[in-house]
Amino acid sequence: MTGYILKRLVSAIPVLLGISVIVFLIMAMIPGDPATAILGSYATPENVEKLNRDLGLDQGLVARYFIWLGNMLQGDFGRSFALNRPVLDEVLDRFGATLILAGTSFVLCSLLGIAAGVISAARQYGVADKAITFVVLLGISIPSFFLGMMMILVFAVQLRWFPVSGMWPIYGDRNLGVLLEHLAMPAFALSVVATGVIARLARSAMLEVLRQDFIRTARAKGVRERQVIWRHALRAAMVSIIPILGIQAGFVLSGAVYIEMVFQWPGVGRMLVDAILKRDILLVQGGVVFIAACYVIFNIMVDVAQALLDPRIKT
Amino acid sequence: MMAFFRLLARNRLALAGLVVIGIVVVLALITPLLPLADPDVTDTPNRFQPMFSAGALLGTDHLGRDLLSRLMWGTRLSLAMGFAAAVIAAVLGSAIGIIAGFYGGRTDNVIMRGVDMLMAFPYILLALAIVAALGPGLMNALIAVAAVNVPFFARNIRGITVGIAHKEFVDAARLAGMRNREIILAEVLPNVLPVIVIAMSTTVGWMILETAGLSFLGLGSQPPQADLGSMLGEARSALITNPHTSIVPGAMILVIVMGINLLGDGVRDALDPRLKSGALSRPMPATTVDRDGPAPAARTDSLLDIADLRTEFRVRNRVYKAVGGVDLHVEKGECLGIIGESGSGKSVTALSVMGLVASPPGVITGGAVHFDGQDLVGARYEVLRSLRGRRVAYIFQDPQATLHPLYKAGDQLIEAIRTHEDVSREAAHRRAISLLKSVRIPNAESRMESYPYEMSGGMRQRVGIAMALANDPDVIIADEPTTALDVTVQAQILSVLSDLRRERGLAIIFITHDFGVVGQLCDRVAVMYAGRIVEEGPTAAVLRSPQHPYTSRLIDCVPTLGGGQRRLAAIPGLPPVVDRLPHGCAFADRCDKAQAECRAGSIALAPTEPARKVRCLFPEVAKERSA
């Protein structure tokens, strides 16, 4: 297994390089003089010239890429002109909040989605199946940012169950209870679409598996139906559900942008939107590369989980 | 195409989606013609007018602009953006996909690597990066959303194109001297077009959501122009004081996307052939029982007595009578063979005993199965379950498919033991090893840790047999356990079964299509044809002098060692389809002795010699066979 993990880590290197090339090329599309774009139109000529030298902007595209890549590998993602601090520091500060939000959502959507899909499949065409199918359809059709706003109206303003927004109260203690209170609505709103997608796929994967011969074998052995569904069938269905979990993790991680805006959550997503609006190019660039790299690493974890689950995968 | 629309129309939800989308699109198209207020004229004294106020049906927003008018124009813009993004993504993505799939080789490799890289990004993040580079704005958001969806189309269409690029008609076009570009346009494109359209119809909802999302963040349409997303974004600051300004555009997005999703699901379902055949329904824990009369009494006091069993498959409006009134019994320690061609109903008979016929579509419509004095047809599920594996166990045909692929052989055995007996895992583990030894598996201890895919077919079937033996059952029903195995392995498995039967006094129902196997193992044999028993009797007697013409033909199918001179006689014709059984003898059409009477009415299974029965008006006369 260690060998397999190493192999997957090595195979991630070209993907990471590819990601850096794509981000670099996108940023190279910026119209006009990049240094002016980065520093803003009030920059002094000296500063523009210094930045041009630092980023190698006076050189060719290829040389510029390698300078940028080299800097990043040394942990230098550049400096945010709007915040006047290193990009990496800012991203790392913000990333924790995003990770808490997206991570909670991911756990929520995985558990809820799989449970809903399994129940739906086990009760195919029954009342539970129809109800779940309808809720799922509603879930994948509602924009998460709209859902978040409506939740604020109902649960924060009307019912006063949860705070309206933010991650921590402005005054007062910062403990787990307070965090969970603030986290509940955004995490749920962020998980809804992914829950729907996972539930749909889990349902069809389960239906596929339940028709297999080994399910009949389990039943012929006299295994209890609950075990047939939740052990025999789900275990086999997980093989096709896990890759979907990986894809949905990407949706949750990047969809956090909307939720962070709605709930004033101090994460990377809101940082990115602010940076885009302020044309803080280096901050955007660094933030995007950082998140994309995290996602690649996460996908390796998904592959490893898959290999642990399915002994037929050559490790 | 018409059938497709009919199918779509039958799906009421999809139709509802179509209607909703139709209305929204029509309204969006005629918006400029409607007598609406100018959506961009501000009137700050009249800001935040509530819904249903005079002159503003849906109220006004934070600048006093008419919400209804803004909603209509915003919907128009959102639909146009989503649709445009879908078209751009589809055109670019499909072009890339077709080129990669058609040319293959290095071109394909390079392109698909690039596509994989793009797909390695969390989706919205890439769109944000593009907007960051190009700057916020309607067109830039459109480009960003289209760009992030290009890989989706490229990958799907490439897959389809690869399949087409190697078809005969493409080769023919190439031989005819057509250039690649001509082939792509004339042969490939028309074939992938339907797939492109379907992919578009299922993604346009996403595109609308994403463009609205970017606008919501302030990165899409810029004031005063507004799509639904930016309306929602602008209303956010007044969410608590004036929620209606948020609810109006948000609800519209929900309605549009839900309509599109309903329609998209309908299209997908209409195109999926598996749904039509009902193949996607999952079998229930026990076969449905729908007996139209009282349960018949047991005819014998055997261990297992099947009386007038009827099982049918109900697929759409057709009924396949797989088992049409079967009487069978098996004594303690006896081996009964059931033989017939595929589709004769032998497996369904066997599976009906413990309610294991897949249901839907299977239904037991009549008869009884008495086991140990209790009727199993219509028994409560919990009763059936406690008997399954404990008193009546099954061995199935293809051990590759019948063992769980992801559990170790040992764990599957231990589960079989612990399902019915409250023993510790260690005790069950020891028992499992001795079970593996009893079916002559070498290195039983290490085999416990093997996964089914690590074993040979014969080994897997031994595990299957060991699992059936786990709870020392009274009856084992073996449904073609040797059919998937090669001949030497088959012989080993048969000898294992035969020894076990002698040692443990097991009753075995052995289902096969091979008289050779029956001859080795079974005391009695029942021959099935078209869901009914046509002949029954002691194996030796039936083999020596078959009385039903069908039996006689089946026996002729068995090649004998050193009997090279005799021609192997396949039976001409096919068994009848069991949803249109003929009157009278079902075999009449394939029988060279058939008379008019044979087709006149139903024929009884009549006793001939002691312990022998045949369902034929003109049984074969006893003749000593040379075989």
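The values are calculated or read from the model by the stated rules, or taken from the named source; none is laboratory data. No experiment lies behind these values; they were computed from the predicted model shown. Cβ placement follows ideal geometry from the backbone for every residue including glycine, while neighbour counts extend to all protein chains displayed. Side chains included, ligands, DNA and RNA excluded: accessible areas come from the protein's heavy atoms. Shrake-Rupley method; radii C 1.70, N 1.55, O 1.52, S 1.80 Å.
Brief remarks on what is shown
- In region A:57-68, the residues that are modelled with pLDDT of 85 or more form Cβ pairs under 8 Å with partners that are β-branched (Val, Ile, Thr) and part of a helix (DSSP H, G or I), at six or more places apart or across chains, as follows: A:Tyr65/A:Val21.
- Whichever residue in region B:453-466 is within 28 Å of B:Asp422 (Cβ to Cβ) and either surrounded by fewer than 24 Cβ atoms within 10 Å (Cβ to Cβ) or in contact (Cβ under 8 Å) with a residue 60 or more places away in the chain (or both) and, among such residues, is farthest from the other protein chains (Cβ to nearest Cβ): B:Ile465
- Members of region B:332-357 found to be part of a loop (DSSP other than H, G, I, E, B) and either modelled with pLDDT of 90 or more or touching an Asp or Glu at 6+ places or on another chain (Cβ under 8 Å) (or both), listed by number: B:Lys332, B:Glu334, B:Met354, B:Gly355, B:Leu356, B:Val357
- Of the listed requirements (1) in a loop (DSSP other than H, G, I, E, B); (2) more than 30 Å from A:Met261 (Cα to Cα), B:Ser221 misses just one: (2).
- Screening region A:183-204 for residues that are within 21 Å of A:Leu99 (Cβ to Cβ) and over 15 Å from the mean Cα position of the chain (by Cα) and picking the one that is most open to solvent (accessible area, probe 1.4 Å) gives A:Ala184.
- Test: B:Thr31 is open to solvent by less than 80 Å² (accessible area, probe 1.4 Å), at pLDDT 80 or above and in contact with a strand residue (DSSP E or B) (Cβ under 8 Å, 6 or more places away or on another chain): no
- Among the candidates B:Ala368, B:Ala307, the residue that is assigned by TED's automatic domain parsing to the domain that holds B:Thr512, open to solvent by less than 30 Å² (accessible area, probe 1.4 Å), at pLDDT 85 or above and assigned to a strand (DSSP E or B) is uniquely B:Ala368.
- Scanning region B:196-223 for residues that are touching a residue at least 24 places away in the same chain (Cβ under 8 Å) and aromatic (Phe, Trp, Tyr) gives a single hit, B:Trp206.
- Take the conditions (1) closer than 25 Å to B:Ile240 by Cβ; (2) out of contact with any helix residue (DSSP H, G or I) (no Cβ under 8 Å at 6 or more places or on another chain); A:Leu190 misses just one of them, which is (2).
- Of the set (1) among the basic types (Lys, Arg); (2) open to solvent by 30 Å² or more (accessible area, probe 1.4 Å); (3) in contact with a helix residue (DSSP H, G or I) (Cβ under 7 Å, 6 or more places away or on another chain), all apply to A:Arg226 but (3).
- Test: residue in region B:433-447 that is buried (at least 16 other Cβ atoms within 10 Å of the Cβ), under 19 Å from B:Val326 (Cβ atoms) and not basic (Lys, Arg): no
- Restricting region B:122-136 to residues that are open to solvent by less than 10 Å² (accessible area, probe 1.4 Å) and not in a helix (DSSP H, G or I), the residue that is farthest from the other protein chains (Cβ to nearest Cβ): B:Gly135
- Residue count for region B:342-382 under the criterion of being over 25 Å from B:Lys332 (Cβ atoms), within 11 Å of chain A (Cβ to nearest Cβ) and under 23 Å from the mean Cα position of the chain (by Cα): the result is 3.
- Here the helices (runs of 4 or more DSSP H) wholly within region A:1-118 that include at least 3 residues being open to solvent by less than 20 Å² (accessible area, probe 1.4 Å), on the phi < 0 side of the Ramachandran plot and in contact with a helix residue (DSSP H, G or I) (Cβ under 6 Å, 6 or more places away or on another chain) are A:2-28.
- Some residue of region B:101-122 being touching a helix residue (DSSP H, G or I) at 6+ places or on another chain (Cβ under 7 Å) and under 22 Å from B:Leu254 (Cα atoms): no
- The residues of region A:234-280 that are of a type in the set (D, E, K, R) and open to solvent by less than 10 Å² (accessible area, probe 1.4 Å), listed by number, are A:Glu260, A:Asp280.
- Per-region count, region B:332-352, residues closer than 19 Å to B:Gly367 by Cα and surrounded by fewer than 24 Cβ atoms within 10 Å (Cβ to Cβ): 1
- Residues in region A:281-304 that are open to solvent by less than 40 Å² (accessible area, probe 1.4 Å), within 30 Å of A:Arg235 (Cα to Cα) and either more than 10 Å from every other protein chain (Cβ to nearest Cβ) or among the polar types (S, T, N, Q) (or both): A:Ile300, A:Val302, A:Val304.
- So B:Ala416, is it under 18 Å from A:Ala218 (Cα atoms), at the interface with chain A (Cβ under 9 Å from one of its Cβ atoms) and surrounded by fewer than 19 Cβ atoms within 10 Å (Cβ to Cβ): no
- When region B:50-62 is filtered for residues that are buried (at least 17 other Cβ atoms within 10 Å of the Cβ) and at pLDDT 80 or above, the ones remaining, listed by number, are B:Leu58, B:Gly59, B:Thr60, B:Asp61.
- On inspection, A:Gly222 passes the criterion of being in a loop (DSSP other than H, G, I, E, B) and facing another protein chain (nearest Cβ under 9 Å).
- Qualifying positions in region B:446-491 - small (Gly, Ala, Ser) and either touching a Ser or Thr at 6+ places or on another chain (Cβ under 8 Å) or not assigned by TED's automatic domain parsing to the domain that holds B:Thr419 (or both): B:Gly464, B:Ala466
- Condition check for B:Leu214: assigned by TED's automatic domain parsing to the domain that holds B:Asn261, within 19 Å of B:Val41 (Cα to Cα) and in contact with a Gly (Cβ under 6 Å, 6 or more places away or on another chain): no
- Yes/no for A:Arg211 being at the interface with chain B (Cβ under 7 Å from one of its Cβ atoms) and of a type in the set (D, E, K, R): yes
- Annotation note: of B:Val150, B:Val115, B:Val145, the sole residue that is buried (at least 16 other Cβ atoms within 10 Å of the Cβ) and either within 11 Å of chain A (Cβ to nearest Cβ) or assigned to a loop (DSSP other than H, G, I, E, B) (or both) is B:Val115.
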